[in-house]
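Have a look at the structure below before the remarks.
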Amino acid sequence: MAFLAGKKAVVVGVANDRSICWGIAQAMVREGAEVLLTYQSERTQSRVEDLARQIGAPSPLPLDLLEPTQLDAVVSALQERWGGVDIAIHGAAFAPKQELSGNYADVTTREGFRVAHEVSSYSFTALAQAVRPLMQGRGGALLALSYLGAVRAMVNYNVMGLAKASLEAGVRYLAQSLGPENIRVNAISAGPIRTLAASGISEFRSILEHYAEHAPLRRNVSQEEVGNVAAFLCSDLASGITGEITYVDAGYNIIGF
Ligand code: 0WE
């Protein structure tokens, strides 16, 4: 099919081979895109360099989304390498660990709230602003990763739910803002997937079991399944879709009794 032939994509959020963004990067390369990966810190640098080699991508660049100078450096590198960019993927989220365990009203702090929103929501707007000049005259597609906790109150997800709600609102506001420049902005709300971020959550196994028992498809979803939908949403096949939150969760979000 190669429905991303000729597209240039930057993917922010690969930490290791279990990252959802790694599934996205692989799907995009399979469909003919050229991909540039970034890494968040020296802790993940060598792993991401190894993954980049696996997909024939250039050497990854350091990018902490909260560092304006690093964002500028990535923009310059993309401009120099490709003369622009077609696709930007955001897969960064963080809340301090103590915020993600216990009763929301008991455990939430001002600082935890601020950090969660800055890393998990503001950073998507910052990424959009940074790549916007690189997408002029060629259209573009931005994609963020969300979770059902944005629209349902879920045990222990707590302030991350508010941050994802803010991220999803950001998708709509950016879609409205950048639509006249033919830049589309969407999100995937994925079901729970075992990743590095998930490994920090003690009851994750029971969350996966609950989804597999109750989701219409009676199973969980994979990085590859999220990757395939991400590739579609960022391709010209989805040229009429913007501001949308697409669930890739085996149908879990639609069920009632
Ligand atoms: O968005 C997420 C995880 C995001 C996340 C994970 C961590 C773990 C380690 C953000 N910050 C941190 N901070 C850490 O220190 N998910 C959708 C996965 C997830 O996380 C949960 C879940 C699910 C599902 C947390 C509590 C309850 C359910």
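The values are calculated or read from the model by the stated rules, or taken from the named source; none is laboratory data. The shown structure was predicted, so the numbers you read here are calculated from the model rather than taken from an experiment. No Cβ is skipped: glycine too gets one built from the backbone with ideal geometry, and neighbour counts run over all protein chains shown. With ligands, DNA and RNA removed, areas are computed over all heavy atoms of the protein, side chains included. Shrake-Rupley method; radii C 1.70, N 1.55, O 1.52, S 1.80 Å.
With just the Cα atoms defining each centre, how far is region 115-148 from region 1-67? Give it in Å. Between the Cα centre of region 115-148 and that of region 1-67, the gap is 16 Å.
Scaled against the 2.2 N^0.38 Å expected of a compact globular protein of N residues, the Cα radius of gyration of region 136-187 reads 1.34.
May I ask you to give the percent of accessible area on region 1-113 that is carbon plus sulfur, with a probe radius of 1.4 Å? Reported share for carbon and sulfur atoms: 49 percent.
In sequence order, region 33-39 has phi-based couplings of 7, 9, 10, 10, 8, 10, 10 Hz under the Karplus curve 6.51 cos²θ - 1.76 cosθ + 1.60, θ = phi - 60°, and Gly or Pro positions carry x. To the nearest ten degrees, helix 20-30 and the longest principal axis of the Cα atoms of the chain are 40 degrees apart. The tail of the calculated P(r) for region 61-123 beyond 15 Å holds 62 percent of all Cα-Cα pairs.
Between amide H atoms placed 1.01 Å from N, distances below 5 Å from T246 occur with A187, I188, S189, all of them 5 or more places distant or on a separate chain. When the charge dipole of the chain is built from unit charges on Cβ atoms (+1 for Lys and Arg, -1 for Asp and Glu) and taken about the Cα centre, the candidate among L36, A250, Q54 whose Cα reaches farthest toward its positive end is A250. Entry note, the chain: the mean residue ellipticity at 222 nm calculated from DSSP H runs of n ≥ 4, each adding -39500 (n - 2.57), is -12500 deg cm²/dmol after division by the residues and rounding to the nearest 500.
Highest mean packing comes first when the peptides 72-79, 218-225 are listed by Cβ atoms within 10 Å, giving 218-225, 72-79.
For the chain, the fraction of C-alpha pairs more than 32 angstrom apart is 17%.
In terms of accessible area, using a 1.4 Å probe and ignoring ligands and nucleic acids, T38, T109 rank largest first as T109, T38. Tell me the angle of helix 223-233 to the major Cα principal axis of the chain, expressed in degrees between 0 and 90 and rounded to the nearest ten. Once rounded, one gets 50 degrees.
Compared with the dominant Cα axis of the chain, that is its longest principal axis, helix 159-178 is turned about 30°. Is the shape of region 1-53 best called rounded, prolate or oblate, per the rule: a/c under 1.5 gives rounded, else a/b larger than b/c gives prolate, else oblate, with a ≥ b ≥ c the square roots of the Cα gyration tensor eigenvalues? Prolate is the answer for region 1-53, as a/c is 1.5 or above and a/b outweighs b/c.
Computed over the Cα atoms of region 9-90, pair by distinct pair, the Kirkwood hydrodynamic radius stands at 12.5 angstrom. Rolling a 1.4 Å probe over the heavy atoms of the protein chains gives the chain an accessible area of 47 Å² per residue.
If you roll a 1.4 angstrom probe over the protein chains with everything in place, what fraction of the accessible area of region 168-257 belongs to carbon and sulfur, to the nearest %? The computed percentage sits at 55.
When each of the peptides 110-116, 53-59, 126-132 is scored by the mean number of other C-beta atoms lying within 10 Å of its residues, the order from highest to lowest reads 126-132, 110-116, 53-59. Result for the chain in a Gaussian network model with C-alpha springs under 10 Å: among D236, D106, D86, the largest mean-square fluctuation is at D106.
Residues S202, S41, sorted by accessible area with the largest first, give S202, S41 [1.4 Å probe; ligands and nucleic acids excluded].
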